[in-house]
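Let me begin by presenting the structure, written as structure tokens, before commenting on it.
Bear in mind these aren't lab numbers, they're just calculated from the coordinates by the rules spelled out. Treat the numbers as computed from the prediction; the structure is a model and nothing was measured.
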Amino acid sequence: MRDANARPAQPAAPASAGSDDHSLSNLVEREIIPRLVASHPLAGKYSGSRGSGEITAEEIDAFAPLSLQVEADHLLDYVEGILNRGVGIDSVMVDLLAPAARRLGEYWEDDRCDFVDVTMGLWRLQEIVHELGARLPAERRVGPGRRAVFASMPGDQHSFGTIVVEELFNREGWLTDRMSEASTPDLLERVAGEWFDLIGLTISCDYHIAPLGSVIVALRNVSRNPNLCVMVGGRIFVDDPDLAASVGADGTASDAKVAVKTALTLIEAISSKSAV
């Protein structure tokens, strides 16, 4: 199940520069439409070079500003060229689209582009995420039959990673929900009302981490699943993985691809421990 409220039918008008809602989180979750783009010709004008199975720094450097300049179909041509040389869809999402989104945030914070430019750039990147996710053959959508909810913590400005994580879990057969800038009461209500095997919380700034431990305790207390697994992610945990345990989470992962595998391992370990 997807969060229907997270994907409005049309983009809202940009907030004023002085608004409290002037954040990348709002840009991605509230003001950017995820339109599914149709198929496009392979290796078009903006295709990347061949010969490598990995995303290069040069490709990220080229792709991030390109997302501010051209429409989604041209961006998809660029991505098609990368896929054509053997790079996997997961790698494109994690190693190209997510870094490009972070780069757009840096452009905005450094006043290198304006609010509208970043809004449109992130909108195009999100279109690519959903186009790539839709390409997974139906027979591969057989997963663990588990449920997960993903949320970026209130006030956190970098939520594009949550979009990518949710898409990758969904591709692996998980039933997923994504909450946009979830308040603590909203998150507690959701977890108390529905069964989830996993809660994934993303946070990128250390000054948002103070309440995280108490939020995790509260989530465990209200959860319908006594063996609830809580994972945390974001730049701050990549820099310091041990921080996950200190806030009471079961684990973290260095990127979205690793998170899918880690989640199953953690859930199995928690279930085995409770059965003893």
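Close amide H pairs (under 5 Å, H built 1.01 Å from N) link Asn225 with Phe196, residues at least 5 positions away or on another chain. Shape analysis of the stretch 194-276 places it in the oblate category; the axes a ≥ b ≥ c from the Cα gyration tensor give an a/c of at least 1.5, with a/b not above b/c.
Counted residue by residue at 0.36 nm each, then reduced by the alpha carbon distance between them, the extension gain from Arg85 to Asn227 reaches 46.9 nm.
Round to a whole angstrom and tell me the spacing of the C-alpha centers of the stretch 70-108 and the stretch 226-276. Distance between centres, Cα-based: 27 Å.
Remark on Thr202: its backbone amide H falls under 5 Å from those of Ala151, Ser152, Met153, Gly233, a criterion applied only to residues 5 or more positions apart or on other chains, H modelled at 1.01 Å from N. Phi angles of the stretch 115-126 translate, via the Karplus equation with coefficients 6.51, -1.76, 1.60 and θ = phi - 60°, into HN-Hα couplings of 4, 5, 4, 5, 3, 5, x, 5, 4, 5, 5, 5 Hz per residue; Gly and Pro are given as x. Close amide H pairs (under 5 Å, H built 1.01 Å from N) link Gln69 with no residue at least 5 positions away or on another chain.
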